[in-house]
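Novice: Sharing a structure here in structure tokens format.
What follows draws every value from the coordinates through simple rules; no lab data is involved. The structure displayed is predicted, hence computed values, not measured ones. Cβ coordinates were reconstructed from backbone atoms using ideal geometry, including for glycine residues, and neighbour counts include every protein chain displayed.
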Amino acid sequence: MKTIKKAANAISNFNRIRKYNLFLNYFKPTEKTKILDVGASEKEYQDNANIIEKRYSYPENITVLSVEEYKEFIERYPKVKIVTYKGDSFPFKNKKFDICWCNAVIEHVGDKYKQEYFLKEISRVARSAFVTTPNRFFPFEVHTKIFLLHYLPKKHFDKFLMKTGKSWATGNYMHLLSLREIRNLLVNCNIRNYKIIKNKLFWFTIDFTIVF
């Protein structure tokens, strides 16, 4: 199990760096670019957690939106602005930000209706967005460290998790998305001008980057 966890963390770190470089190359942000980060982490369990705060050259231009109260985060990144909310409407005016960065959050906000609302809010407050989410059909489920069983319908996978001591990952903790489900979400949100990038690990798509 330790070997699997170590390998999973190494892959995750590699993939975060790759996505961050993609973000920079795609948008080419400058010292004037205003960035909204939805879903930064208070705890950093991996080297490249909160990678945009860690590596971006203009942290004073980043605003983090979260349902959590941050303490350790503020100490690590004192130049970054923090805004907390209740998980409903984003507390910002339309198009306040140039870019929204949202790394692996949408699968945690709730069912498809909450995911739609979440995407609509991102589209409302930012001119462009960089949203990533795991591929439901990648053979290894990164949160629970389980192979293949997450291919089951969610209610059956949740039952398995309950029986194996991983009830924390059930219910609205995660609603993994396939490529087809992502496209349906975008259509339902009236987001037409978008690009979906498949981030590969060998011949598998490990996750998706959605740019719109």
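Novice: Does any residue of the stretch 110-127 turn out to be among the acidic types (Asp, Glu), assigned to a helix (DSSP H, G or I), under 14 Å from the mean Cα position of the chain (by Cα) and surrounded by 15 or more Cβ atoms within 10 Å (Cβ to Cβ)?
Specialist: No - not one qualifying residue is present in the stretch 110-127.
Novice: Moving on to the next point. Could you check Gln46 against (1) under 23 Å from Tyr20 (Cβ atoms); (2) more than 17 Å from the chain's Cα centre (by Cα); (3) surrounded by fewer than 17 Cβ atoms within 10 Å (Cβ to Cβ); (4) not aliphatic (A, V, I, L, M) and say which number it fails?
Specialist: In the conditions (1) under 23 Å from Tyr20 (Cβ atoms); (2) more than 17 Å from the chain's Cα centre (by Cα); (3) surrounded by fewer than 17 Cβ atoms within 10 Å (Cβ to Cβ); (4) not aliphatic (A, V, I, L, M), Gln46 misses (2) alone.
Novice: Okay, next question. Being within 15 Å of Leu36 (Cα to Cα) and either over 20 Å from the mean Cα position of the chain (by Cα) or assigned to a loop (DSSP other than H, G, I, E, B) (or both) is the filter here, so list the residues in the stretch 72-86 that pass it.
Specialist: Within the stretch 72-86, Tyr77, Lys79, Val80, Tyr85 qualify.
Novice: Right, next: I need a count of the residues in the stretch 49-63 that are surrounded by fewer than 18 Cβ atoms within 10 Å (Cβ to Cβ), in contact (Cβ under 8 Å) with a residue 24 or more places away in the chain and part of a helix (DSSP H, G or I).
Specialist: 1
Novice: Could you please tell me which pairs satisfy a Cβ distance under 7 Å, a separation of 6+ or placement on different chains, a first residue in the stretch 105-119 that is under 16 Å from Val67 (Cα atoms), and a second residue that is surrounded by fewer than 16 Cβ atoms within 10 Å (Cβ to Cβ)?
Specialist: Gly110/Asn172
Novice: So is Asp207 charged (D, E, K, R) and more than 15 Å from the chain's Cα centre (by Cα) or not?
Specialist: Considered against the rule, which asks whether it is charged (D, E, K, R) and more than 15 Å from the chain's Cα centre (by Cα), Asp207 comes out as no.
Novice: Can I ask one more? Answer with yes or no whether Ile11 is free of Cβ contacts under 8 Å to residues at least 60 places away in the same chain, aliphatic (A, V, I, L, M) and either under 19 Å from Asp207 (Cα atoms) or part of a strand (DSSP E or B) (or both).
Specialist: So Ile11 does not fit the description; no.
Novice: Another one. In the stretch 159-212, which residues are touching a strand residue (DSSP E or B) at 6+ places or on another chain (Cβ under 7 Å) and of a type in the set (Phe, Trp, Tyr)?
Specialist: The answer is Tyr194, Phe208, Phe212.
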